[in-house]
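Below is one structure, written out as structure tokens; the observations come after it.
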Amino acid sequence: QVQLVESGGGLVQAGGFLRLSCAASGRIFSSYNMGWFRQAPGKEREFVAAISQSGGSTYYADSVKGRFTISRDNAKNTVYLLMNSLKPEDTAVYYCAAARVRGARRGESYDYWGQGTQVTVSS
């Protein structure tokens, strides 16, 4: 069992930045590939980024590539999402998730989810 808790969301102006954190419980964090997803009001959940167990491989949605960076610290059981050059269309609830599958972009591939953190980007 893995419990995930996101933090770091908030209100930011367009062009600004935020860093999201996702803290995981348990001693098996390093055995999971981690991902970030987001869901805007009235829209389906979408893949944002993923990172392999060791952190050596990362994957991004085209919409965030070059602006967002996913990273992890296995010693701290935490995965991060650094979001730069934020746009109003990045406004959503952001969720972190854990998967056994590497590089998964479908939510169905993830076994555990956090409760989400709201990110609002004003224009």
Seminar exercise, completed: The condition from (1) in contact with a Cys (Cβ under 8 Å, 6 or more places away or on another chain); (2) closer than 21 Å to Glu108 by Cα that Leu20 misses is numbered (2)
Seminar exercise, completed: Going through segment 61-91 in order, the residues found to be closer than 12 Å to Glu6 by Cβ and of a type outside the set (Ser, Thr, Tyr) are Val79, Leu81
Exercise. List pairs: first in segment 61-75 and without any contact (Cβ under 8 Å) to a residue 60 or more places away in the chain and within 17 Å of Arg45 (Cα to Cα), second part of a strand (DSSP E or B) and aliphatic (A, V, I, L, M), Cβ under 6 Å, 6+ apart or cross-chain?
Worked result: Ala61/Val48; Val64/Val48
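Laboratory data are not the source of any read-out in this text; all were calculated from the coordinates shown. Just so you know, these numbers come straight off a predicted model, no measurement behind them. FYI the Cβ positions are ideal-geometry reconstructions off the backbone, even for glycines, and counts take in every protein chain you see.
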